[in-house]
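Notes follow once the structure below has been shown.
Please treat every number below as a calculation from the coordinates, not as lab data. The structure presented is a predicted model; accordingly, all values stated were derived computationally and were not measured. Please note: Cβ atoms are built from the backbone with ideal geometry, for glycine as well, and neighbour counts cover all protein chains shown.
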Amino acid sequence: MRDADPQPVRLTDYRPPDWLVDTVDLDVRLHPQATRVVARLGMRPNPLGRPGAPIVLDGDELELKSVALDGAPLAGAGYAATPSSLTILAPPQEPLVLTIETVLDPSANTKLMGLYCSSGTYCTQCEAEGFRRITYFPDRPDVLAVYTTRIEAEREEAPVLLGNGNKVESGDIEGTTRHFAVWHDPWPKPCYLFALVGGKLDRITEPFVTATGKEVELGIYVEPGKAARAGYAMDALKRSMRWDEEVFGCEYDLDVFNIVAVADFNMGAMENKGLNVFNDKYVLASPETATDADYANIEAIIAHEYFHNWTGNRITCRDWFQLCLKEGLTVFRDQEFSSDQRSRPVKRIADVRLLKSHQFAEDAGPLAHPVRPATYREINNFYTATVYEKGAEVVRMLKTLLGEEGFRAGMDLYFDRHDGQAATVEEFLTCFADANGADLSQFALWYAQSGTPQVEVNGHWDAAARSYRLDVRQTQVPTPGQPDKQPMLIPLALGLVGADGRDLPLVPDDGTNAAGSVLVVSRPEQSFVFRDVEARPVPSINRGFSAPVKLTTNLASEDLLFLARHDTDPFNRFEAGQTLALAHLVSASGLAPEKTLAGALAAGGTALVEALIEALGASLEDETLDPAFIAQVLSVPSEGDIAREIGSEVDPDAIHAARRSLRRALGEALRPGLERAYGRHAPDGAYSPDAVSAGRRALRNAALELMASTGEAADIARALAHFETADNMTDRFFALSVLAHHAPAERDAALDAFYQRFRDDPLVIDKWLALQAQIAEPETLERVRELTRHPAFSMGNPNRVRALIGNFAAANQTQFHRPDGAGHLFVADAVLELDRRNPQVAARLLGAFKSWRSLEPTRRGSAERALRRIADGPGLSPDVSDIVARSLG
Ligand code: ARG
Ligand code: ZN
């Protein structure tokens with residue numbers, strides 16, 4: 001057990017380890033309740049550490065059996081063991097071998113950290129601090145060792161035994177029912193990348209030949225009977241491996257690469273060296289059970305974990321403050337991969353949507369923290385949208401600023417200089433500075449300052465001077481622990497769009513720093529002037545979302561309507577419509593702030609809404625556009641986006657109503673176009689998960705839903721037919737969700753039919769649970785409560801919990817924030833119950849309260865009561881007590 005209220009860890013307190021570990025020899029005898037681990041650690045004093053220091057090892061819930069130094073048993077006086085550490089009191093200051101024997105209980109491990117059993121399969125999760133639950137060890141990422149792992153188990157119980165690296169030996173243990181395998185990983189690694197797996201698993205395998213001709217055997221292991229559903233993951237893996245060679249020059253470095261899918265997993269997946277362990281949700285797919293979104297996620301996450309082999313594993317992190325060094329960079333890499341495999345603009349739109357809904361929300365509330373935090377109390381709480389998604393945006397900005405070649409030169413230098421090391425963000429940035437002769441000191445603030453920068457851009461055309469001036473002002477709002485901030489370096493990609501819809505050439509006037517089409521903003525206030533501008537253009541600012549900022553402009557609604565029809569930058573074309581829709585939704589929610597676009601719209605009445613609908617209709621009819629892009633254009637901003645735009649005194653019911661009526665208006669006004677799109681994109685063959693087919697389904701389903709949101713009987717009948725005749729999960733589930741949200745009379749029969757069909761398929765049942773949790777009506781809470789007692793639900797499985805309770809809290813704003821407080825109370829009690837079993841999952845669920853301060857007073861009061869109830873709960877985990885303290889702080 002850990003201390004209930006651990007002291008915060010600070011970045012500035014970093015010291016190199018006193019002792020290093022060069023080799024780890026593990027002998028693991030698997031047993032469901034008493035797994036015995038013997039660890040032989042080849043250690044030596046660190047020349048950079050404190051001379052004469054004792055050896056201090058981390059531990060967590062371990063039973064210590066014996067300790068030996070250089071083969072000789074160490075008496076009790078020679079060491080001190082506490083629940084969280086093992087100290088060798090006066091070790092000789094020279095290379096030595098420390099042998100530690102511990103026993104642990106995988107079946108009782110409900111935290112799913114360390115070694116645990118998932119539906120009968122032994123597996124491990126060590127990041128961030130789980131290895132200390134397997135053996136005593138210096139559990140920090142800057143201690144890199146070469147691991148050899150011997151795994152022994154009952155042959156019946158675990159015919160498959162997997163470890164990191166290459167298998168060097170295996171066999172039966174004579175005269176017993178047991179067998180063993182020995183795995184050796186030649187690449188030094190931190191212990192968080194350790195993994196082992198033992199179980200009854202089916203496998204698919206494929207060969208892969210690397211760029212330099214080395215043969216690799218790829219394997220994906222799944223629960224018996226599910227091998228047919230691993231094919232797409234295998235395909236994505238091969239494409240990822242090839243892409244990383246071509247785009248980053250990164251080649252795989254072992255003889256085998258294995259992936260194991262497990263049913264009980266705290267996060268998405270884990271990049272253990274040569275042995276990735278995945279939440280099965282991100283491996284298993286078939287047309288009947290997985291949606292297009294599931295396929296896209298599988299592709300992205302398979303790539304993400306594979307790309308960690310270089311960004312994370314070959315070069316790891318010096319300490320956990322540097323988490324974004326591997327995560328932000330690897331998310332950037334997986335985003336680029338998906339962009340190359342699919343549609344780049346549509347991928348960008350999806351990524352920015354996610355960034356805004358998760359990261360901007362985090363940055364605007366009490367849990368805001370920098371991409372590289374300076375302090376933490378529980379590191380597991382920093383696997384956040386800020387570290388991952390904003391971290392990726394920061395890398396993307398580096399590329400925007402340095403250009404394609406400059407960026408690649410920096411990456412090459414990084415791989416060259418730091419291979420085999422545990423690096424820092426400073427070292428990463430120095431590679432880009434050195435490779436480009438650039439000064440990145442101001443840019444580095446993106447890692448240190450939290451909060452979303454606000455950028456205001458006002459454009460002025462000077463007819464007499466034939467010039468166009470952009471006045472830019474940046475504001476950094478205060479965030480927890482950061483009252484004052486410095487101005488940042490903000491790359492704003494720009495176009496000046498002429499009346500014919502074409503971009504004008506950008507001719508910077510002397511004395512401005514516009515480099516090509518990117519304005520590099522560095523001061524609190526700054527102006528950029530362009531000459532030879534014959535007629536008033538419409539500026540298209542922050543194209544491709546080049547900087548993760550909140551942008552406001554002096555564009556009139558006519559300008560935004562123009563961009564929504566004509567911008568050659570697909571992202572900004574999409575964004576112009578969203579900005580208008582958001583402004584309308586804010587004012588329709590009854591809370592238009594003065595002097596904003598929303599205010600102007602409210603004053604402008606319905607004419608502008610009609611113009612917006614017309615512009616969206618023009619995109620719908622434009623056959624030159626990608627259907628996937630049109631589907632994005634037609635999807636109105638989320639309730640969370642609207643709430644964030646309103647900022648304070650938020651009433652989720654008003655937002656829900658405003659959004660619903662806009663969708664109904666779209667469905668009514670665009671009906672002919674929607675009907676045509678629905679017909680034009682009817683399936684024309686067997687299901688294929690490729691991006692083009694998925695895009696056609698996305699548009700067809702968007703049309704189905706907009707029409708059904710009118711509530712017309714014919715539209716509901718169409719949705720019902722769509723549901724009943726679907727031959728794939730994308731269409732079937734989309735139709736089910738349309739019925740669930742828009743057809744109360746048809747809903748229960750459809751939900752029941754779906755359940756009966758897929759009752760034996762937990763991943764599909766998750767969709768069924770999630771959908772019911774998202775229905776925006778007062779009966780939902782009782783429905784969710786009942787579903788917690790349904791045989792398909794289990795508090796022990798993180799996927800079930802996230803599907804049902806997680807979606808209720810995070811994706812049902814009206815019911816989670818019920819004015820009577822019952823939604824808050826329900827989630828608070830679920831957090832308390834879960835915390836006793838799995839603190840990480842509990843803490844993540846608690847994150848749903850992150851925007852509570854912006855609610856109107858009644859709901860704010862009930863959220864605060866719920867948070868205080870959690871805070872007063874007995875024996876809280878460090879995970880939950882950290883989040884609740886910061887939420888209330
Ligand atoms: N490194 C993993 C990934 O992003 C995430 C593991 C996080 N696990 C945890 N227990 N915090 O791919
Ligand atoms: Zn990652």
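Remarks
- Distances between every pair of Cα atoms in the range 214-271, grouped in 5 Å steps from 0 to the bin holding the largest one, split as 4, 14, 24, 25, 18, 10, 4, 0 percent.
- Under a model in which nothing but the beta-carbon of Lys, Arg (+1) and Asp, Glu (-1) is charged, the range 761-889 shows a dipole of about 240 debye around its Cα centre.
- Think of the range 454-547 as having a plus end and a minus end, set by charges on the Cβ of Lys, Arg, Asp and Glu; of Thr479, Asn458, Phe545, Thr479 sits farthest toward the positive end of this dipole.
- In plain terms, the bigger the Kirkwood radius, the slower the diffusion; for the chain, with that radius from Cα pairs, at 10 °C and 1.306 mPa s, Stokes-Einstein puts D at 55 µm²/s.
- Contact order, relative form, for the range 9-307: 15 percent (alpha carbon pairs under 8 Å, 6 or more residues apart, mean separation divided by residue count).
- Only Lys, Arg, Asp and Glu carry charge here, each on its Cβ (+1 for the first two, -1 for the last two); on that basis the range 9-307 has a dipole of about 560 debye about its Cα centre.
- Kirkwood's formula applied to the C-alpha pairs of the range 761-889 gives a hydrodynamic radius of 14.5 angstrom.
- Lys, Arg +1 and Asp, Glu -1 on Cβ, resulting dipole of the chain about Cα centre, debye, nearest 20: 1160
- Using C-alpha pairs under 8 Å with a sequence gap of at least 6, the mean separation divided by the residue count of the chain gives a relative contact order of 8 percent.
- Cα gyration tensor category, rounded, prolate or oblate, for the range 791-854 with a/c compared to 1.5: prolate
- Counting DSSP beta bridges with both ends in the chain, the antiparallel % (nearest 5): 80
- Using only the C-alpha atoms, the convex hull of the range 17-112 corresponds to 105 Å³ per residue.
- Longest site-free stretch - the chain; sites: GluC sites (Glu not before Pro), DSSP loop, at most 11 other Cβ within 10 Å: 175-533
- Label point at Asp484 placed 7 Å out along Cα→Cβ; residues across the range 427-462 whose backbone nitrogen lies under 19 Å: 442, 445-446, 448-451
- Counted by neighbouring Cβ atoms within 10 Å, the residues Tyr678, Tyr221 run from fewest to most as Tyr678, Tyr221.
- Taking a span of 24 Å or more along the helix axis (Cα atoms) and a mean Kyte-Doolittle hydropathy of at least -1.0 as the rule, the DSSP H helices of the chain that qualify are 231-248, 323-341, 570-588, 652-669, 691-708.
- In loop segments of the range 758-790 as defined by DSSP, the trypsin sites (Lys or Arg not before Pro) with at most 10 further C-beta atoms inside 10 Å of their C-beta are Arg789.
- In summary, the lysines within cross-link reach of Lys189, defined as a Cα separation below 20 angstrom excluding same-chain residues under 8 places away, comprise Lys167, Lys273, Lys326.
- Of the trypsin sites (Lys or Arg not before Pro) in the range 127-191, the ones in a loop by DSSP (not H, G, I, E or B) with at most 15 other beta carbons within 10 Å are Arg155.
- Debye intensity ratio I(q)/I(0), log10, the range 454-547, q values 0.16, 0.17, 0.18, 0.22 Å⁻¹ (C-alpha model): -0.65, -0.72, -0.79, -1.10
- Sorted ascending by nearby beta carbons within 10 Å, beginning with the fewest, His790, His681 become His790, His681.
- A cut-off of 5 Å between modelled amide H atoms, ignoring neighbours fewer than 5 places along the same chain, links Cys317 with Ala423.
- Computed over the range 129-247, the quotient of the alpha carbon radius of gyration and 2.2 N^0.38 Å is 1.22.
- Distance from the Cα centroid of the range 21-85 to that of the range 327-368 is 41 Å (rounded to whole angstrom).
- Volume per residue that the Cα convex hull of the range 320-448 spans, once the total is divided by residue count, Å³: 112
- Using only the C-alpha atoms, the convex hull of the range 32-78 corresponds to 124 Å³ per residue.
- Sequence of Ile642, Ile765 once ranked by neighbouring C-beta atoms within 10 Å, starting from the fewest: Ile765, Ile642
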